[in-house]
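In what follows, a structure is listed as structure tokens, so that the remarks can point back to it.
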Amino acid sequence: MNLELSEEQEAVRRLAEDFVAREVAPHAVAWDRAEEVDRGIVKKLGAVGFLGLTIPEEYGGSGGDHLAYCLVTEELGRGDSSVRGIVSVSLGLVAKTVAAWGDEAQKRAWLPRLASGEAIGCFGLTEPGTGSDAGNLATRAVRDGDTYVIDGTKMFITNGTWADVVLLFARTGGPGHRGVSAFLVPTDTPGLTRRPVHGKLGLRGQATAELVLEGVRVPASAMLGPEGKGFSVAMSALAKGRMSVAAGCVGIAQAALDAAVRYAGEREQFGKPIASYQLVQELISDIAVDVDAARLLTWRVADLVDRGQDFATAASKAKLYASEAAVRSANNALQVFGGYGYIDEYPVGKLLRDARVMTLYEGTSQIQKLIIGRALTGVSAF
Ligand code: FAD
């Protein structure tokens, strides 16, 4: 694994850093308070190429490798996890999955629009009754001539109220994950309604929704991948998605480190900057070690993906470590800020609120441990 960035990767990282400093960071607190990021950010993300990273240019993408994708994701996560999540879902979970599993017509229909930001995607797996146990989902798609009719409810869907297309998982066969198929469902299809989920602890700028499907009719050509392979589609999407979440968490931890170092140098107590106290330095050095460890685990996943190697277990390790590290780091930074860390004029409280969900979605920390444990022992404890 080469730990040096190529000139191209460094240029992409700098582009992302500048973009975030100009277009994201100055608005993050206001978007958090308003519970909605400015939707104009999507077109800007598309224009700069960040919604088309790793997607082939012939489908409107901006190419690039997965390390470049992680570098951009880290910078976005450093600026505002709500914006990072829009990209991780629309590009990471939806466009990349269409690129990997779609037929020519599906790729031509969706990839240029998703890569440019003209359309946004969302990923509909979780249901009110099935979260970790996603293979037992209840939403049903019944074949009727050349169409499928879909009924069910999806919960906690990121980008849900905005999205133009949902990559939806529904049961076309018997019980268990082998009966699941994937569909690309335009969100303006009659019978599909969305309700916003309000009152989230973090990621408040992000549009999260419940999707209700009642007699939603789609052509059979909307199926993504073979019938009965929907769970494999979902798991392949989530393996790469975990790399993206991990990169976003590195961004949170880096932001926590930057803020803690800056504040410790400025704030004086007992006549000296608090940076001069060993117990404050311990908080800061713990964050720094977490940043490095989380970043290296994340880059390793990107390296494995780019070399065409098996990366799923490495992605679970990176996501597990980086998400827990982001929570720890934001919490340590808050301690450095004292009471000022607890109010949202200062950045670290938001970092902690945003970090917390990373240990829950795309597989909780417990589920990541079961995936890693299964790979090590050969025994599934699910
Ligand atoms: P549960 O599965 O009920 O888990 C509850 C607890 O039980 C957890 O601690 C879990 O670790 C533990 N547990 C469960 N099973 C086991 C086991 N076998 N062994 C040990 N412990 C176990 N979903 C989507 O499909 N698309 C999205 O875009 C999306 N975005 C989200 C955005 C937000 C802000 C949130 C909060 C969630 C989002 N989710 C999304 C859903 C998310 O992936 C689920 O919340 C997550 O998978 C956990 O499912 P659950 O909430 O039903 O918890």
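The values are calculated or read from the model by the stated rules, or taken from the named source; none is laboratory data. Computed from a predicted structure; not experimentally measured. As a convention, Cβ positions derive from the backbone with ideal geometry for all residues, glycine included, and neighbour counts pool all protein chains shown.
Please go through the range 120-129 and give me each residue that is surrounded by fewer than 24 Cβ atoms within 10 Å (Cβ to Cβ) and near the ligand (Cβ under 6 Å from one of its atoms), ordered by number.
Matches in the range 120-129: 126 only.
Step by step: first the residues of the range 341-372, then only those that are assigned to a helix (DSSP H, G or I), away from the ligand (no atom under 16 Å from the Cβ) and touching a residue at least 12 places away in the same chain (Cβ under 8 Å), then the one that is surrounded by the fewest Cβ atoms within 10 Å (Cβ to Cβ). Which residue is that? Write out each step before concluding.
So in the range 341-372, the residues assigned to a helix (DSSP H, G or I) come out as 341-342, 348-359, 365-372.
Still in the list and also away from the ligand (no atom under 16 Å from the Cβ): 341-342, 348-349.
From what is left, the residues that are touching a residue at least 12 places away in the same chain (Cβ under 8 Å) are 348-349.
Numbers: 348: 25, 349: 20.
Only one residue tops the list, namely 349.
Could you please give the count of residues in the range 130-153 that are of a type in the set (A, V, I, L, M) and either within 14 Å of the ligand (Cβ to nearest atom) or under 28 Å from residue 371 (Cα atoms) (or both)?
Residues in the range 130-153 being of a type in the set (A, V, I, L, M) and either within 14 Å of the ligand (Cβ to nearest atom) or under 28 Å from residue 371 (Cα atoms) (or both): 3 in total.
What are the residue pairs meeting all of these: first residue in the range 188-216, first residue of a type in the set (Asp, Glu), second residue within 11 Å of the ligand (Cβ to nearest atom), Cβ atoms under 9 Å, and 6 or more apart or on different chains?
So the pair list comes out as 210/128; 210/154; 210/155; 210/156; 210/157; 210/160; 210/197.
Looking at this structure, is residue 12 within 16 Å of the ligand (Cβ to nearest atom), of a type outside the set (D, E, K, R) and either closer than 29 Å to residue 230 by Cα or part of a helix (DSSP H, G or I) (or both)?
no
Do we find a residue being away from the ligand (no atom under 14 Å from the Cβ), farther than 25 Å from residue 85 by Cα and touching a helix residue (DSSP H, G or I) at 6+ places or on another chain (Cβ under 7 Å) anywhere in the range 316-336?
Yes, the range 316-336 contains at least one residue that is away from the ligand (no atom under 14 Å from the Cβ), farther than 25 Å from residue 85 by Cα and touching a helix residue (DSSP H, G or I) at 6+ places or on another chain (Cβ under 7 Å).
Residues of the range 184-222 being within 20 Å of the chain's Cα centre (by Cα) and assigned to a strand (DSSP E or B), which ones?
184, 196, 208, 209, 210, 211
Under 6 Å between Cβ atoms, at least 6 apart or on separate chains: pull out the pairs that start in the range 35-48 with a residue that is farther than 12 Å from residue 162 by Cβ and end on any residue that is of a type in the set (Asp, Glu) and modelled with pLDDT of 95 or more.
Filtered contacts from the range 35-48: 44/23.
Condition first: away from the ligand (no atom under 12 Å from the Cβ), touching an Asp or Glu at 6+ places or on another chain (Cβ under 9 Å) and assigned to a loop (DSSP other than H, G, I, E, B). Now tell me which residues in the range 154-174 satisfy that.
The answer is 164, 172, 173.
Please report, ordered by residue number, the helices (runs of 4 or more DSSP H) entirely within the range 17-98 with at least 2 residues that are in contact with a Phe, Trp or Tyr (Cβ under 7 Å, 6 or more places away or on another chain).
So the answer is 66-79, 81-87.
Among the residues of the range 193-220, which ones are basic (Lys, Arg) and within 14 Å of the ligand (Cβ to nearest atom)?
Within the range 193-220, 194, 200, 204 qualify.
With the condition kept exactly as written, say whether any residue in the range 96-110 is within 16 Å of the ligand (Cβ to nearest atom), of a type in the set (Gly, Ala, Ser) and in contact with a strand residue (DSSP E or B) (Cβ under 8 Å, 6 or more places away or on another chain).
no
Here are some conditions: (1) farther than 17 Å from residue 184 by Cβ; (2) surrounded by 15 or more Cβ atoms within 10 Å (Cβ to Cβ); (3) near the ligand (Cβ under 10 Å from one of its atoms). Residue 117 meets all but one. Which one does it not meet?
Residue 117 satisfies every listed condition except (3).
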